[in-house]
Amino acid sequence: SILACTYAVLINDVAALTNSTDQIFGKFLVIKWLASWVFHVPREESSLDHVVPALELFFLARLYILVVVKVLLAAVVPRFCKDDAWGQMFRWTNIAEAFWYRVIRLSTYSAMQLLHHVTPYQLGQDFYTAGLHAYQRLRVQRQRTLRKWLQSIWALVGLSVTRSVYLVVGFDAFLIKCRMATALLDEDELNLMALVKAFTFLFQIVCLINLEKFAIDRMQIFIFGGESGNLDTD
């Protein structure tokens, strides 16, 4: 699944970046609409079509690099540690992060996974926690100056900006991949590679919600949130 997912991402994104496909160019994208509305950039500007594929390729390469770095650190660093117990802990911590977190993400990697952060439950939980923390910081401050106010609500501002970016990039990635998959399946005859790309797209849709993160967040709220389920700043 890792090879199939990587192959599909590389083929689709490289085709989009090299203008060798006409399934996305000239079509509606949220990023093009926002650029024309906010910055008055013409919607026909072709460079905007490359933003989402370029970002997806960049973070795919970053994920592979992180896996290689973690494996190298696990193999090299413990040999130079005087404390054998610490060296073994460092080794297996990096191996676990590489293979139990990074490699698993590679098997379902897609820019569409950003939409997990803007699902109603996840979005509501994130804003509720950030708002609670901002309120608690303001409540303990004696002098409520403008600087203190800004420091307290900075997390809310950052959360609003990042979630807006996640929504735009994730939804545009869905539009691009959906159009490419539709073009493959509309052919009179399907070949093996077209079926692999189509099933990879289906697998990416199924794995759009990060169930591991969802379960961990729920468990942390259950353990540390108390009866009210509130995770305090401390």
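The values are calculated or read from the model by the stated rules, or taken from the named source; none is laboratory data. Only a predicted model underlies this, so the values are computations on that prediction, with no experimental measurement involved. Ideal geometry is used to build each Cβ from the backbone, glycine not excepted, and the neighbour counts take in all protein chains shown. When the accessible area is computed, the model is the full protein with side chains, heavy atoms only, and any ligands, DNA or RNA have been set aside. Shrake-Rupley method; radii C 1.70, N 1.55, O 1.52, S 1.80 Å.
At a glance:
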quantity: Size of the stretch 114-223 as Cα extents on the principal axes (Å, biggest first); calculated: 72, 32, 16
quantity: Cα-centred dipole magnitude for the stretch 42-187, charges only on beta-carbon of K, R (+1) and D, E (-1), debye, nearest 20; calculated: 1080
quantity: Radius, Kirkwood style, for the stretch 61-127 when every pair of distinct Cα atoms is counted (Å); calculated: 13.9
quantity: At R0 = 35 Å, FRET efficiency that the Cβ-Cβ distance of Asp83 and Leu3 yields, to 0.05; calculated: 0.35
quantity: Kirkwood hydrodynamic radius of the stretch 100-178, from inverse mean 1/r over distinct Cα pairs, in Å; calculated: 14.6
quantity: Which label in (i) 0.94; (ii) 1.27; (iii) 1.05 gives the computed Rg/Rh (Cα atoms, Kirkwood Rh); calculated: (iii)
quantity: Pair Phe199, Ala75: separation of 7 Å Cα→Cβ label points (nm); calculated: 3.2
quantity: Estimated inter-spin distance, Val68 and Leu156, nm [label 7 Å along Cα→Cβ]; calculated: 4.4
quantity: Accessible solvent surface per residue of the chain, calculated while the other protein chains remain in place, 1.4 angstrom probe, Å²; calculated: 64
quantity: Cα gyration tensor, the stretch 2-137 - rounded (a/c under 1.5), prolate or oblate; calculated: oblate
quantity: Rg and Dmax [Cα atoms of the stretch 30-80; Å; Rg one decimal, Dmax integer]; calculated: 19.2, 57
quantity: Positive dipole terminus of the chain, leading residue within Asn210, Ile104, Phe80 (C-beta point charges); calculated: Phe80
